[in-house]
Amino acid sequence: DQQVKQNSPSLSVQEGRISILNCDYTNSMFDYFLWYKKYPAEGPTFLISISSIKDKNEDGRFTVFLNKSAKHLSLHIVPSQPGDSAVYFCAASVGTGNQFYFGTGTSLTVIP
Amino acid sequence: SQTIHQWPATLVQPVGSPLSLECTVEGTSNPNLYWYRQAAGRGLQLLFYSVGIGQISSEVPQNLSASRPQDRQFILSSKKLLLSDSGFYLCAWGAGGGRYFGPGTRLTVL
């Protein structure tokens with residue numbers, strides 16, 4: 001049973017525009033959320049996180065929004081750059097324990 | 001800084017053959033270590049985690065086992081591979097709320 005879902009397997013965006021990647025979760029106990037970025041043949045690298053006490057966290061071009069009532073998480077990349085082309089995974093956990101639940105990933109292509 | 005190594009990068013094995021994937025971590029002591037698998041069309045699934053030498057917790061029943069013979073070494077094994085064991089295997093170490101992944105091993109079972 002997939003507790004974290006990324007319903008868009010792929011997304012294409014023009015360079016300089018905004019990329020919005022979405023993530024939904026089913027477990028209302030989740031209170032910590034992360035986004036990872038993965039290039040081909042490499043392991044995922046941590047991008048940004050947010051805890052449930054916040055509804056927004058920003059780091060440079062990357063902003064994560066959390067809507068707890070909708071159980072929805074999104075990652076905004078502004079402006080998008082060709083180097084942002086990668087697979088993006090969202091993940092959720094209860095606290096910062098050992099079990100993180102990952103989505104299936106969204107492949108972002110930024111077109112120059 | 002911390003570094004995590006995994007090998008091999010790719011592996012093709014016949015059904016019924018054994019498996020051994022190794023992961024080592026540098027630059028940290030007594031890390032929590034994790035094995036994840038990404039099967040086709042699925043998210044990253046936690047297979048095993050370890051909080052110390054000889055301490056292994058399994059998250060899902062399966063054909064695989066894990067061992068931690070040394071503080072910074074984590075091994076994923078199988079006595080007889082199944083077709084369904086194909087996937088991308090990732091080792092990670094954890095600190096607080098983060099997971100830091102190795103480069104992964106692409107396993108194809110034929």
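The values are calculated or read from the model by the stated rules, or taken from the named source; none is laboratory data. Note that the coordinates shown come from a computational prediction; the quantities given were computed from them, not determined experimentally. Positions of Cβ are generated from backbone atoms using ideal geometry, with glycine treated the same way; all protein chains shown enter the neighbour counts. Accessible surface is based on the protein model in full, side chains and every heavy atom, while ligands, DNA and RNA are left aside. Shrake-Rupley method; radii C 1.70, N 1.55, O 1.52, S 1.80 Å.
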> So which residues of region A:46-94 lose at least 10 Å² of accessible area, probe 1.4 Å, when you go from the chain by itself to every protein chain present?
Replying inline: A:Phe46, A:Phe89
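Cα convex hull of region B:36-85: how many Å³ per residue? Provide the component values of the computation, followed by the final result.
Numbers: hull volume 4.1 nm³, N = 50.
Hull volume normalised by residue count: 82 Å³.
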>> Rolling a 1.4 angstrom probe over the protein chains, ignoring ligands and nucleic acids, what is the accessible area of A:Asp31 in square angstrom, nearest 10?
In response: 50
> In Å², what does the accessible area per residue of chain A work out to with a 1.4 Å probe?
Replying inline: 47
>> Projecting each Cα onto the charge dipole of chain B (Lys/Arg +1, Asp/Glu -1 at the beta carbon, about the Cα centre), which of B:Pro31, B:Trp93, B:Val109 comes out farthest on the positive side?
In response: B:Val109
>> Can you give me the solvent accessible area of B:Arg42 with a 1.4 Å probe, rounded to the nearest 10 Å²?
In response: 120
>> For q values of 0.23 Å⁻¹, compute log₁₀ I(q)/I(0) with the Debye formula on a Cα-only model of region A:1-46, without solvent.
In response: -1.10
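Given +1 on the Cβ of Lys and Arg, -1 on the Cβ of Asp and Glu, and no further charges, what dipole in debye does chain A carry about its Cα centre, rounded to the nearest 20? Write out the running numbers ahead of the final one.
Values: 9 positive and 9 negative charges, 23 e Å.
So the magnitude is around 120 debye.
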>> Over 25 Å between Cα atoms: which of A:Lys5/A:Lys54; A:Lys38/B:Lys79; A:Lys37/A:Lys71; A:Lys5/A:Lys56; A:Lys5/A:Lys68 fall into that group?
In response: A:Lys38/B:Lys79
>> If you consider only alpha-carbon coordinates, what radius of gyration and Dmax does the protein assembly as shown have, in Å?
In response: 17.5, 51
>> With a 1.4 Å probe, what is the total accessible area buried between chains B and A, in Å² rounded to the nearest 100?
In response: 1500
>> In 5 Å bins starting at zero, report the fraction of Cα pairs in chain B per bin as a rounded %.
In response: 2, 13, 25, 27, 19, 10, 4, 1
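Determine the gain in length on full extension of the stretch B:Gln2-B:Arg42; use 0.36 nm per residue of separation and subtract their C-alpha separation, reporting nm with one decimal.
On the way: separation 40, 0.36 × 40 = 14.40 nm, distance 2.81 nm.
Full-extension gain reported as 11.6 nm.
Averaged over all directions, how much area does the convex hull of the C-alpha atoms of region B:61-110 cover when projected, in nm²? Please list the in-between numbers first.
Values: hull surface 17.9 nm².
Directional mean of the projected Cα hull area for region B:61-110 stands at 4.5 nm².
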>> Please report the carbon-and-sulfur percent of the accessible area for the protein assembly as shown; probe 1.4 Å, protein heavy atoms only, DNA, RNA and ligands left out.
In response: 51
> What accessible area per residue, rounded to a whole number of Å², is obtained for chain B using a probe radius of 1.4 Å?
Replying inline: 45
> Under the Kirkwood approximation for Rh and a Cα-based Rg, what ratio Rg/Rh is obtained for chain A?
Replying inline: 0.95
> Quick one: Karplus J couplings for region B:8-22, per residue in order, coefficients 6.51, -1.76, 1.60, θ = phi - 60°, nearest Hz, x for Gly and Pro?
Replying inline: x, 6, 9, 8, 10, 10, x, 4, x, 7, x, 9, 8, 10, 10
> Any idea how far the Cα center of region A:33-112 sits from the one of region B:73-110, in Å?
Replying inline: 21
> In the full protein assembly as shown, how much of B:Tyr100 is accessible to a 1.4 Å probe, in Å² to the nearest 10?
Replying inline: 90
